[in-house]
Structure formats: structure tokens, C-alpha cells
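A quick write-up on the structure given underneath.
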Amino acid sequence: MPPPQLTNPIKTIQGVRVPNSKSTWDITVAYSADSPQGTISSITPHQPPSQDSTQFPLLLPSLTHPHIHIDKAFIHGAPEHAHLLPVTGSFQEALSFTTQAKGQFALPALTKRGEWLLAESVASGVTAMRAFVEVDRAVQTTCLDAGGILKEKWKDACEIQIVCFAQDPIFSGMHGEENRGLMEKGILTRHTDVIGTTPYVESDIHSAKMNIDWAIDRAMHLGLHVDFHLDYNLDHNKEPLVWYVLKRLREKGWTSQLGKRVMLGHCSRLTLFSSVEWERLAREIREGDLPVSFVGLPTSDLYMASPPPGEGAGARAPHEKQRGTLQVPEMIRKYALDAVMGVNNVGNAFTPWGSPDPLSLACLGVGVYQTGTQADAELLYECVSTRARAAIGLPIRTSSGSDLTLKQGDRPDFLLFYNLDDTGCELSRVRGSVAEVVWDPPARLSRAVACNGRLMVKPMAEMRSQSCPGSNLGYI
Ligand SMILES: [Zn+2]
């Protein structure tokens, strides 16, 4: 299992495009004892000035997975789980098959599947991620151990935050207490950055609230982030637990001053909120100075989240099958909430479709959220890049917050999108803007990915440099 190969640190990049500018630019990166990972020290007009800027690659900030299950990735591609491919495709079957698969999880296979996910993610442009690893009676701490190994091994290419995650009940059911005991142990390991739980799997509302209290208490005590899979239903009759989470944060005094964040994932029940409820939600978060972010997980929500089927005369016809997923751009713009997008699952019974590429998720967002302007596309890119990084509580690497134009003083974590001809027809369509990148994400091969100033070496990069004129990279 070789780690990703990285080049020497980049010193200069000659000839790149940046968003919303027709000019081309040269970039220098400086390294020092204070900043061994590098800082962009200058961005100056490209010399000599170019008549045709379209031949140069587009420079954008790197991508982030704010929510991804690294231990359950690609179960469908693993021979040992070949008997667990979906038969009905139902949520119940997904739960049952995944539980069976978890019974077979072993460290070598976990790290192998995790590396498939890491390799494809990093090659897509991901340099930071929040990775969930489950801890419970079935897997004990094997997934957490695998997460720790991968975090260490891939640290030069990708900053991995580990979520010690209770997918199963910890306050109800036959194994609640045992699961909680294992979580108590798991959250103390040195690799754990985040405590994650799933209040909705508890058998009753009282246990769900105890689950929330436990996670908030422990996270505050240990100085960790907390991340809930919350309100994953489209049922008007179910109490949304988001109110309880906010209430407990206020009572405990968890404000943004603490420096640790709270993430709420799925939350499809919130799509049934009235605008009065949305306004209340935004107000409670704002007035309480609560460091709460939301992560929409549309590939899973579209596949799995559906309203209760109903019976008899209340049964729904297939064409009435509703879907619900957080309306991320609207939450940001209309309610000033902090919201981002995550891939969640790939290659398993919960989400058999989709890839680990965050740009394919941003692309899906154009349709799901019905957001077709250039400004919309830029916002969607931010939701899988700069905003996602901030939402998981990692230090921002750009001087201007979520903005997509890298500037002097920023960390050299970026993507270069080349106009690669992958058709063999000696034609390459220029993607001149962020919008064109989001609307039709370019192939992985046409992306060069830098983490801390070092490029990930790709096998066919040679082909790219031959077929893409323009930018010239200089190394230390
Ligand atoms: Zn999840």
C-alpha cells in the first residue's frame, strides 16, 4: 500500500487563470521555518503577457469532504461482501446487509477500501476530510484503528479528521450499554477529533435525547467537535430534534468562543419546516452564538429519504414519491445559516450510486436546488471547498474566507484545471469559469492537486503536460 506520491514543494507557477479575471497570473510560494507548508508569497501578471488566456489552467482552492463514511466505502466492490449486493434496495435491507458486512470487517480490508476512497478523493482534489468510523459491538474499535492508520499514512496529502461514530443505539436496544461503553473508550483515543452519534436510531425519543446529551457533554469535556446524524425523516408527526440540540447547547454554554463546532447532518425533516420555523432556527443559532453548521447529503437523501409509505387509501402512488434534502443555497442566502454539502456514502447499500468526487456533488446541486446562475455555481463550489473546510472547524487557508480567488498569504492548497484532450480528437473544450467546472466537472486526469505546495503525482500527468500548453511549474 504505497502512500500517494508527492512532488517536491512548488516554488513558482507561471501562467494560471483565476475566477472572474481575463488576465493570466504568475504565482510564487515561499517556505520558511514559520510556514514549512508554504504560503503564496506573490501573485503577479504573467510575463510575457498572453494573447489567449484560455490555454492556461484555472486555479481554484482545493476540495473538502465535510462528511464521509470511510469504513463503509465500497463495500459493494469488495469480494468478501459480494453476497450482500442489494436485492430489494430498501432502507431496511441496507441496514441489515451493512450490519452483516460489518460482522466481517477486518483491519486489512478496511484500510484497503479506505485507501480506494482516499486515492480517488485526493485525485479529485480533496485535501481535507471529516471521516466517520463506526464503533460498536459488531466492529469494536477495528474501524477506528483503521481510521488512525489512514490518518497517519495520508497526512501529507490529506488532513483527515476522525469521527468516533455511534451508528447504532447507545441508550436503547439490547446492546446500547455495550455500544456506549465502547464509544467511551473510542473517544479517548488520540486519533479522535469528533464525537458522532445517530440519535434517530434510538428506540424512543427519551433515549434519543440522552444520546444527544451524552455526545454534547463528552465533546465539551474532551474539547472535541460533535456531529449528529439528525432528523433523518420526512414525517410531520415526528418531533424535530434540532430544537433539543440547540436548547442543550445554550444550556451548556457551547458558543463559538469554545473553538469547537457542531455539525448536523441529513436533517431531511427540516425540509417540512415553514418559513416561520426556518426563521426561528436561524434566530436561535445567531442569538445564541452557536457554532452550528448543517451538511446536506443529497446523494443519500435522494436515494433513501422518503415519506412514510402510508396504507390503504393513504398509500402513495409511485409518482407521488416525495424526496427531501436540505436546500443548502437557500439556507445560506435566505437565512444566513452555515450549510455545506457532503458525499456521505459511496459504493454501499445506503448509497450505491455516485463517486467520491465532491465536484460531482456540486454538479448534482445545480439540479437538485434548481440553481443555475454563475453565482450559484460558485456558491456550490464553496460548499464542497472553502465553506466545507470552515464548517468542520479546520483552519481556513484563504485570507478572504470562502472566496474562490487565492491570494497572497494563502496556503498553497489548490487545484489546477487543465484543458485536457481526453477524446483523442485533438480537441479540448475550455472550461473558462467556476460555473463551467461545476456544471460539467472535468475528468480527474485534467486536475492537478496540490496539498501544502506539493503536487500529487498522477500516472498520466506526463500526457497532461504534453497536451496542455500553458502553465509552467518550478519546484524547490
Ligand atoms: Zn452519514
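The values are calculated or read from the model by the stated rules, or taken from the named source; none is laboratory data. Quick caveat: nothing in here was measured; it's all calculated off a predicted structure. For neighbour counting, all protein chains shown are included, and Cβ atoms are generated from backbone atoms with ideal geometry for every residue, glycine included. With ligands, DNA and RNA removed, areas are computed over all heavy atoms of the protein, side chains included. Shrake-Rupley method; radii C 1.70, N 1.55, O 1.52, S 1.80 Å.
Quick one: if the Förster radius is 45 Å, what FRET efficiency do ASN237 and LYS22 give, using the C-beta to C-beta distance and rounding to 0.05? Can you show the working numbers first?
Values: r = 55 Å, r/R0 = 1.23.
It comes out at approximately 0.25.
In Å², what does the accessible area per residue of segment 1-139 work out to with a 1.4 Å probe? Spell out each step's value before the answer.
Details: 5650 Å² over 139 residues.
For segment 1-139, the solvent-accessible area averages 41 Å² per residue.
Based on DSSP, what percent of beta bridges with both residues in the chain are antiparallel, to the nearest 5?
So the antiparallel bridges amount to about 45 percent of the total.
Work out how much length SER399 to VAL457 would gain on full extension: take 0.36 nm times their residue separation and subtract the Cα-Cα distance, in nm to one decimal.
Working: separation 58, 0.36 × 58 = 20.88 nm, distance 2.72 nm.
Full extension of this stretch gives 18.2 nm more.
Could the peptides 64-73, 325-334 be put in order, highest first, of the mean number of other beta-carbon atoms found within 10 Å of their residues? The partial results should precede the final answer.
Values: 64-73: 28.9, 325-334: 20.2.
Highest-to-lowest ranking by the protection proxy: 64-73, 325-334.
Going toward the positive end of the dipole of segment 365-463, with +1 on Lys and Arg Cβ and -1 on Asp and Glu Cβ, which of PHE414, TYR381, VAL430 do you reach last?
It is PHE414.
Which is the longest part of the chain that has none of the chymotrypsin sites (Phe, Trp or Tyr not before Pro) sitting in a DSSP loop with at most 15 other Cβ atoms within 10 Å?
On the way: sites that count: PHE273, TRP353.
With a cap of 15 other Cβ atoms within 10 Å, the longest stretch comes to 1-272.
Could you bin all the Cα-Cα distances of segment 347-465 into 5 Å bins starting at 0 and give me the percent of pairs in each, rounded to whole numbers?
2, 10, 17, 20, 21, 17, 10, 3, 1
Stick to the Cα atoms of segment 195-292, pair each with every other, and give me the Kirkwood hydrodynamic radius in Å at one decimal.
Values: mean 1/r = 0.0734 Å⁻¹.
After inverting the pairwise mean of 1/r, the radius is 13.6 Å.
At 1.4 Å probe size, with the rest of the protein present, what percent of the exposed accessible area of the chain is carbon and sulfur atoms? It would help to have the intermediate numbers written out before the result.
Working: 10310 of 19490 Å².
Carbon plus sulfur share of accessible area: 53 percent.
Given 10 °C and 1.306 mPa s, compute D for segment 144-185 with the Stokes-Einstein relation, Rh being the Kirkwood radius over Cα pairs; round to the nearest whole µm²/s.
Working: Rh = 11.8 Å.
Taking Rh from Cα pairs, D becomes 135 µm²/s.
Report, in degrees rounded to the nearest 10, the 0 to 90 angle that the Cα long axis of helix 142-153 makes with the longest principal axis of the chain.
Taking the Cα atoms of the chain, the angle to 142-153 is about 20 degrees.
Convex hull volume of the Cα atoms in the chain, per residue, in Å³?
On the way: hull volume 75.4 nm³, N = 476.
Expressed per residue, the convex hull around the Cα atoms of the chain is 158 Å³.
Taking the chain as the reference, fit the longest principal axis to its C-alpha atoms, fit the long axis of helix 205-222 to the helix C-alpha atoms, and give the angle between the two in degrees, 0 to 90, nearest 10.
Between helix and principal axis, roughly 50 degrees.
Given +1 on the Cβ of Lys and Arg, -1 on the Cβ of Asp and Glu, and no further charges, what dipole in debye does segment 70-222 carry about its Cα centre, rounded to the nearest 20? Don't jump to the answer; show the numbers that get you there.
On the way: 14 positive and 20 negative charges, 55 e Å.
In total the dipole reaches around 260 debye.
Per residue, how much accessible area does segment 338-451 show when a 1.4 Å probe rolls over the protein heavy atoms, in square angstrom? It would help to have the intermediate numbers written out before the result.
Details: 3830 Å² over 114 residues.
In whole numbers, segment 338-451 has 34 Å² accessible per residue.
Give, rounded to the nearest 20 debye, the magnitude of the charge dipole that the chain has about its Cα centre when Lys and Arg contribute +1 at Cβ and Asp and Glu contribute -1 at Cβ. Mind dumping the intermediate values first?
Values: 45 positive and 51 negative charges, 138 e Å.
Roughly 660 debye for the chain.
Please give the per residue accessible area of segment 186-237, computed with a probe of 1.4 Å over protein heavy atoms only, in Å².
Details: 1990 Å² over 52 residues.
That works out to 38 Å² for each residue.
Please give me, ordered by residue number, the trypsin sites (Lys or Arg not before Pro) of segment 88-192 that lie in loop per DSSP and have at most 16 other Cβ atoms within 10 Å.
Values: sites: LYS102, LYS112, ARG113, ARG130, ARG137, LYS151, LYS153, LYS155, ARG180, LYS185, ARG190; in loops: ARG137, LYS155, ARG190.
Sites meeting the loop and neighbour criteria: ARG137, LYS155, ARG190.
Using only Cα atoms, what Kirkwood radius does segment 1-72 have, in angstroms?
On the way: mean 1/r = 0.0671 Å⁻¹.
Taking the inverse mean of 1/r over all distinct Cα pairs, segment 1-72 comes out at 14.9 Å.
Rg over Rh of segment 113-166, using C-alpha atoms and the Kirkwood radius, what does it come to?
Numbers: Rg = 11.2 Å, Rh = 11.3 Å.
Ratio value, two decimals: 0.99.
Could you tell me which of VAL226, ALA448, LEU337 has its Cα farthest along the dipole of the chain towards the positive end, charges placed at Cβ (Lys, Arg +1; Asp, Glu -1), taken about the Cα centre?
Value: ALA448.
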